[in-house]
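Structure first, commentary second.
Quick note: the coordinates plus some simple rules give every number you see, no bench work behind them. Nothing here was measured: the structure is a model prediction, and the numbers come from that model. Cβ atoms come from the backbone with ideal geometry, glycine included; neighbour counts cover every protein chain shown.
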Amino acid sequence: MLQSKNKSLRNEIDSHEPSIITVVDSGLALIEEGHPQSDEFQQHIDDLNRRWNELQDAVETRKNRLEQSELAQQVARWLIVV
């Protein structure tokens, strides 16, 4: 059940990736045009990219932990049977 929820979360995150890319591209375009707030835009872009990567890493870490937990439970069941 937890793996299913984690997969749903991964799908939800993946569905937002095009929006993230669009926002970053728009910000970079404004920076290239020499917008007066270019420094602020760059800081926000950097922050968004950092947080986006952290979110993706966290979901991947959770997935790996759930897989390890499932494997440990299978081994424990096997040991009980033996």
Could you list, in sequence order, the residues of region 44-69 that are farther than 20 Å from His16 by Cα and either surrounded by 12 or more Cβ atoms within 10 Å (Cβ to Cβ) or touching a Phe, Trp or Tyr at 6+ places or on another chain (Cβ under 6 Å) (or both)?
Arg65, Leu66, Glu67, Ser69
Restricting attention to region 38-82, which residues are among the aromatic types (Phe, Trp, Tyr) and within 16 Å of the chain's Cα centre (by Cα)?
Trp52
Quick check on region 25-82: of everything there that is of a type outside the set (Gly, Ala, Ser) and outside any helix (DSSP H, G or I), which residue is nearest to Lys7 (Cα to Cα)?
Val82
Could you count how many residues in region 7-41 are among the polar types (S, T, N, Q) and surrounded by 14 or more Cβ atoms within 10 Å (Cβ to Cβ)?
1
